[in-house]
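Colleague: Here it is: the structure, laid out below.
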Amino acid sequence: MTSETTLRFLLLALAGAGSGVVGYVSGLASLVSYPALLACGLPPLAANVTNSVALTGVTVGSVTSARRELTGMRRRLLTFGALGLVGGTAGALLLVRLPPGVFAGVVPWLVAFGSVVLLLRPWLRRLHAGRLHEGHPAVLAVVGAVTVYCGYFGAGAGVLLLATFGAVLPDPLARLAALRSAVVGIANTTAAVIFIATGQVDWSAAVPLGLGAVAGSAFGPPLVRRLPETPLRLGVALAGLVLAVKLYLDARG
């Protein structure tokens, strides 16, 4: 390894660790990892594909560390995981076949909407008490749509899923974050298999980024357990709004 290659490996591993922590706590892993790949010289499509493959490391680290939060969620994991499997496949196929940037105009608004839903979680739960439940067709449709987007690009998908679960499920945010991470992980992993088959993954970037993501995401569940729920929810929502503004400016740019 040359010194330049070693430095690139270390920087990507560090970015992976950061994306692992940020990804579990807020669902915004791509906010750290995707710009790091672009900074290393990868073109946008290759960076997107490589990012999806590397972020499967977030699933490995976080789900292993969040076994306590996932206890008793077998039915939810089967239901929402199946949606993630189908949605991740559909999103990956869309990315491979559609022109780049086809969703660029609508994504900022989706992320902003999800962030506002997360901000309003207590009020929304009171508003729809007794009307919506986790098996409601509308809830399943929204989760399915988010997992399609997750397979396609995914920036802010974690915020959208957390907002959806938070508006419907009564569980503490720590359990919802674990469920969100598992579902996003299934969609990402499914998409990653398709991306690997296309031969567009930059493995010299995916490996260090993925290893860092495994290490960083393992710290996510213990951190979320210790953080007060309301400040955490507000922080994630505000971070999502910042991302929405950035995506909007990028789309116009």
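The values are calculated or read from the model by the stated rules, or taken from the named source; none is laboratory data. Just so we're clear, the structure is a prediction, and the values are computed from it rather than from any experiment. For neighbour counting, all protein chains shown are included, and Cβ atoms are generated from backbone atoms with ideal geometry for every residue, glycine included. Each accessible area value is taken on the protein alone, full model and side chains, heavy atoms only, with ligands, DNA and RNA left out. Shrake-Rupley method; radii C 1.70, N 1.55, O 1.52, S 1.80 Å.
Colleague: Any chance you could run the full-extension gain for Ala215 through Trp203? It's 0.36 nm times the residue separation minus the Cα-Cα distance, nm to one decimal.
Modeller: Difference between extended and current length: 2.5 nm.
Colleague: What percent do you get for the relative contact order of the chain when only Cα pairs under 8 Å and 6+ apart count?
Modeller: Dividing the mean separation by the residue count of the chain yields 42 percent.
Colleague: Right, here's the next one. Carbon-plus-sulfur fraction of the accessible area of region 1-113, 1.4 Å probe, in percent?
Modeller: Carbon and sulfur atoms account for 72 percent of the accessible area of region 1-113.
Colleague: Measure off 7 Å from each Cα along the Cα-to-Cβ vector at Lys246 and Leu93, then give the distance between these two points in nanometres to one decimal.
Modeller: Taking the simple label geometry, Lys246 and Leu93 are separated by 3.2 nm.
Colleague: Taking Rh as the Kirkwood radius computed over C-alpha pairs, what is the Stokes-Einstein D of the chain at 4 °C in a medium of viscosity 1.567 mPa s, expressed in µm² per second? Before the final figure, lay out each step's value.
Modeller: Numbers: Rh = 17.8 Å.
Taking Rh from Cα pairs, D becomes 73 µm²/s.
Colleague: Can you compute the FRET efficiency between Trp123 and Leu10 using 1/(1 + (r/R0)^6), with r the Cβ-Cβ distance and R0 = 51 Å? Round to the nearest 0.05.
Modeller: It comes to 0.65.
Colleague: Now a separate question. Counting only protein heavy atoms and using a 1.4 Å probe, what share of the accessible area of region 205-253 belongs to carbon plus sulfur, as a whole percent?
Modeller: Roughly 71 percent of what the probe reaches on region 205-253 is carbon or sulfur.
Colleague: Here is a follow-up. From the helices alone, meaning DSSP H stretches of at least four residues, give me the mean residue ellipticity at 222 nm for the chain, per-run term -39500 (n - 2.57), in deg cm²/dmol to the nearest 500.
Modeller: -26000 deg cm²/dmol
Colleague: Can you tell me the Rg and Dmax of region 1-113, counting just the alpha carbons, in angstroms?
Modeller: 16.2, 49
Colleague: Let me know the shape class of region 2-50, please: from the alpha-carbon gyration tensor, a ≥ b ≥ c as square roots of the eigenvalues, rounded when a/c is under 1.5, otherwise prolate if a/b is greater than b/c, or oblate.
Modeller: oblate
Colleague: Please work out whether region 35-81 counts as rounded, prolate or oblate from its C-alpha gyration tensor, where a ≥ b ≥ c are the square roots of the eigenvalues and a/c under 1.5 means rounded, while otherwise a/b larger than b/c means prolate and anything else oblate?
Modeller: Verdict is prolate for region 35-81.
Colleague: Relative contact order for region 1-103: what is it in percent, counting Cα pairs under 8 Å that are at least 6 residues apart?
Modeller: Values: 41 pairs, mean separation 18.3, N = 103.
Value for region 1-103: 18 percent.
Colleague: Still on this model: Under a 1.4 Å probe, what is the accessible area of the chain per residue, stated in Å²?
Modeller: Using a 1.4 Å probe on heavy atoms only, each residue of the chain averages 45 Å².
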